[in-house]
């Protein structure tokens, strides 16, 4: 019976440690609501830590678009992310148009993009560090031969 309890505690500790590691970089939240009748509602919340793993499964030819220009923007990304992390939370950009409203804010360690137009409402929240890490991983993949 004691052996079973020790085994259970070991499994529980492993699950807790794995969950903590998986959620350590925060979560990416994507929500899309199509406003037309019968429109789709998509709500996706995933740990940001899975993005580097997912990028390994993306074919390099699919990353061809950013290949030519991404390297030159790495210093900008590396300067912008720490600056955004240090700045107070609030509105970064707001665009109000008669047909749509776009709001980009910084909250905690994430950038949040909200778009509301006649056809749909979109919400995207991405941790800054996860975005920076992904950009670097894509740039590193670009250096590999095709």
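Of the residues making up segment 117-146, those that are modelled with pLDDT of 90 or more and within 16 Å of residue 29 (Cα to Cα) number 8.
Listed here are the residues, each with its yes/no results for (1) modelled with pLDDT of 90 or more; (2) closer than 30 Å to residue 140 by Cα; (3) not in a strand (DSSP E or B).
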residue	(1), (2), (3)
11	no, no, yes
19	no, yes, yes
30	yes, yes, no
63	no, yes, yes
71	no, yes, yes
95	yes, no, no
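Based on what the data block shows, is residue 34 surrounded by 11 or more Cβ atoms within 10 Å (Cβ to Cβ), at pLDDT 90 or above, in contact with a strand residue (DSSP E or B) (Cβ under 6 Å, 6 or more places away or on another chain) and over 24 Å from residue 129 (Cβ atoms)? The answer is yes for residue 34.
The values are calculated or read from the model by the stated rules, or taken from the named source; none is laboratory data. Model, not experiment: these values are computed from the prediction. Positions of Cβ are generated from backbone atoms using ideal geometry, with glycine treated the same way; all protein chains shown enter the neighbour counts.
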